[in-house]
Structures are given as C-alpha cells and as structure tokens.
C-alpha cells in the first residue's frame, strides 16, 4: 500500500509476481488502489485499475 501511495509501479509489479494480494484491505478498509488515489499517483492508479478484480 505504501508502494501504491508513493507511485512505485515497479515495486507493485514485483509484489504481484510474488503473489501478494494487492486487493487486501488495511485496518482502515483501504486497498492499494485506494492508497494510489490518496497519494495522487496516477500511473500506479492506472496500473492497479487495469488489474482490478
């Protein structure tokens, strides 16, 4: 989620390859896409939106 909020698409790709669930919610009910939007990281937001379940 921090990678999404900081716009680190390369890190997000690595996490996805490692099998990390990018759609898991944090204690506040937010997932990586929510954090990308919060951080105004358009590239990360687009990348995550393309993979949204």
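The numbers here are math on the coordinates, done by the rules we state, and not lab data. Please read these numbers as outputs of a predicted model, since none were measured by experiment. All Cβ positions, glycine included, derive from the backbone under ideal geometry; neighbour counts span all protein chains shown.
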Flag for residue 11 being crowded, with 18+ Cβ neighbours inside 10 Å and out of contact with any strand residue (DSSP E or B) (no Cβ under 9 Å at 6 or more places or on another chain) | no
Here the qualifying pairs (Cβ atoms under 6 Å; residues six or more apart or on different chains; first in region 10-37 and without any contact (Cβ under 8 Å) to a residue 24 or more places away in the chain; second surrounded by 13 or more Cβ atoms within 10 Å (Cβ to Cβ) and in a helix (DSSP H, G or I)) come out as 11/3; 37/45
Within region 43-53, of all residues that are more than 11 Å from residue 1 (Cβ to Cβ) and in contact (Cβ under 8 Å) with a residue 12 or more places away in the chain, the one farthest from the chain's Cα centre (by Cα) is 53
